[in-house]
Amino acid sequence: MDKILVQEEDFDLSTEVALVQANNNNIGAVVSFVGLVRNLDDVPIQKMTLEHYPKMTEKSIRSIVEQAKRRWEIGNTTVIHRIGDLAVNAQIVVVVTSSKHRRDAFDACEFIMDYLKTQAPFWKKEVSKKGSSWVKAKDSDRDKVKRYQNL
């Protein structure tokens, strides 16, 4: 069972981990990642606004999860990505993967996160006292995705 949601509401990590584990007595590992709105070093932000392309976003995330399932032996997976206005320290995204073995769960979780940052149709705008600016994709994030092309 895979759970993929794009929503404004916050999520509870312990609930999501429990759902991934539910009715699955064949797993030996659950790995989770929670991304947060982080403050900028030079100019503190007041909020981050996340927008998305509704008709494509969940489809894109589902494709990323399916790619991970083809690469690693993973079971139940959850991806929840928030949209809207989020304050500093607010949760943005949770990725939870399960597997018989920890390495597959870790690798799949990292893969999903790397692809979410570079492939999913989300746009982030940081708002500070100096104004607002759209967050650009980082070369380091693109480089992380490139390493999967050789696996």
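The values are calculated or read from the model by the stated rules, or taken from the named source; none is laboratory data. Note that this is a predicted model, so its numbers are computed, not measured. Glycine gets a Cβ as well: all are built from the backbone with ideal geometry, and neighbour counts include every protein chain shown.
Just one of the listed residues (A22, A68) is of a type outside the set (V, I, T), at pLDDT 95 or above and either surrounded by 19 or more Cβ atoms within 10 Å (Cβ to Cβ) or over 30 Å from K129 (Cβ atoms) (or both), and it is A68. Of all the listed residues (V145, V43), the sole one being surrounded by fewer than 21 Cβ atoms within 10 Å (Cβ to Cβ), out of contact with any strand residue (DSSP E or B) (no Cβ under 8 Å at 6 or more places or on another chain) and of a type in the set (A, V, I, L, M) is V145. Being out of contact with any helix residue (DSSP H, G or I) (no Cβ under 9 Å at 6 or more places or on another chain), buried (at least 16 other Cβ atoms within 10 Å of the Cβ), in contact (Cβ under 8 Å) with a residue 40 or more places away in the chain and among the hydrophobic types (A, V, I, L, M, F, W, C) is a property that V17 has. The condition of being among the acidic types (D, E), closer than 26 Å to A29 by Cα, free of Cβ contacts under 8 Å to residues at least 40 places away in the same chain and in a helix (DSSP H, G or I) holds for only one of D143, D107, that being D107.
Checked against (1) assigned to a strand (DSSP E or B); (2) over 12 Å from the mean Cα position of the chain (by Cα); (3) surrounded by 13 or more Cβ atoms within 10 Å (Cβ to Cβ), W123 meets all criteria but (3). All of (1) modelled with pLDDT under 95; (2) outside any helix (DSSP H, G or I) hold for D85 with one exception: (1).
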